[in-house]
Amino acid sequence: MKKKLVVIGTGGHAKVVIDIIESVKKFKIVGLCDEIGAGEKVAGYKILGKQNDLPELIKKYSIDCVIVGIGDNFTRSKVTSLIKETCPSLKFISAIHPNASIAKSVTIGKGSVITNGVIISPHSIVGESCILNTSSSLDHDSVVGSFSSFAPGVRTGGFCNIGDLTALGIGATLTHAINIGEETIIGAGSVVMKDVGSFVVAYGVPAKILRTRKTGEKYL
């Protein structure tokens, strides 16, 4: 029998998550949770209630597991923490598209989403609740911190390290052995050729730091 799953979120990333879950055919999506309220449907699934309703919804629908389908890194981390506090028995699952290419030595944390066409090379580590979007690639011996994200087409060299809650924009490239700090944003199309610290926005070819940023500042 398939495990019963609830998806948190109803936006574009949640729709991507739903598509992956349907493709792997290991879970039954019971419905969605979002702050827009119960009753409406998204991608063919009913919104069961708000995130605060989750403890009651688990009992009502016999929900076994959850995945947070929210694209913003900071928001995803906060929602994940809340679920862990209020629903400690609920299991987090990862969504890995069947067309992703993942080496057997790779480690992927719970709650992460690996989309269509992603390549993860040997001895790399992807943290908790990360997003690796369409046709992005993580080269060998690299580490992606928890709640970080790759937009479509991101490329890294080997031995790269990306900090927690950091976002790499569409088509960004990291050359070999680059270190990126926590909660940093790398702009779309940038080429990062030297290390970039935490809490900054960097952009360009080669990428240069434009400004600092605050925890939780919007970027999507």
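The values are calculated or read from the model by the stated rules, or taken from the named source; none is laboratory data. In this text the structure is predicted, and so the values were computed from the model without any measurement. Positions of Cβ are generated from backbone atoms using ideal geometry, with glycine treated the same way; all protein chains shown enter the neighbour counts.
In summary, Thr215 fulfils each of the numbered conditions (1) part of a loop (DSSP other than H, G, I, E, B); (2) farther than 30 Å from Lys84 by Cα with the single exception of condition (2). Inside the range 107-117, can you point out the residues that are in a loop (DSSP other than H, G, I, E, B) and under 14 Å from Ser148 (Cβ atoms)? Result: Gly109, Gly111, Ser112. When you go through Ser198, Ser129, Ser135, Ser146 one by one, which is the residue that is among the hydroxyl-bearing types (Ser, Thr, Tyr), assigned by TED's automatic domain parsing to the domain that holds Ile114, farther than 24 Å from Ala100 by Cα and assigned to a loop (DSSP other than H, G, I, E, B)? Going through Ser198, Ser129, Ser135, Ser146 in turn, the sole match is Ser198. The set of residues in the range 182-215 that are farther than 17 Å from Phe150 by Cα and within 18 Å of the chain's Cα centre (by Cα) contains only Thr215. All but one of (1) of a type in the set (D, E, K, R); (2) in contact with a strand residue (DSSP E or B) (Cβ under 8 Å, 6 or more places away or on another chain); (3) surrounded by fewer than 15 Cβ atoms within 10 Å (Cβ to Cβ) hold for Lys110, so report the exception by its number. Against the list (1) of a type in the set (D, E, K, R); (2) in contact with a strand residue (DSSP E or B) (Cβ under 8 Å, 6 or more places away or on another chain); (3) surrounded by fewer than 15 Cβ atoms within 10 Å (Cβ to Cβ), Lys110 comes up short only on (3). Would you mention how many residues in the range 143-157 are over 22 Å from Thr75 (Cα atoms) and either within 13 Å of the chain's Cα centre (by Cα) or buried (at least 24 other Cβ atoms within 10 Å of the Cβ) (or both)? Here the count works out to 1. For the range 70-91, the count of residues that are within 17 Å of Ala14 (Cβ to Cβ) and among the basic types (Lys, Arg) is nonzero.
Taking the listed residues Val200, Val191, the one that is modelled with pLDDT of 95 or more, in contact with a strand residue (DSSP E or B) (Cβ under 7 Å, 6 or more places away or on another chain), of a type in the set (Val, Ile, Thr) and farther than 23 Å from Asp72 by Cβ is Val191, with no other qualifying. Output the residues belonging to the range 1-18 that are touching a residue at least 60 places away in the same chain (Cβ under 8 Å) and over 14 Å from the mean Cα position of the chain (by Cα). The answer is Lys3, Lys4, Leu5, Val6. Within the range 83-106, the set of residues being farther than 30 Å from His140 by Cα and surrounded by 15 or more Cβ atoms within 10 Å (Cβ to Cβ) comprises Ile83, Cys87, Leu90.
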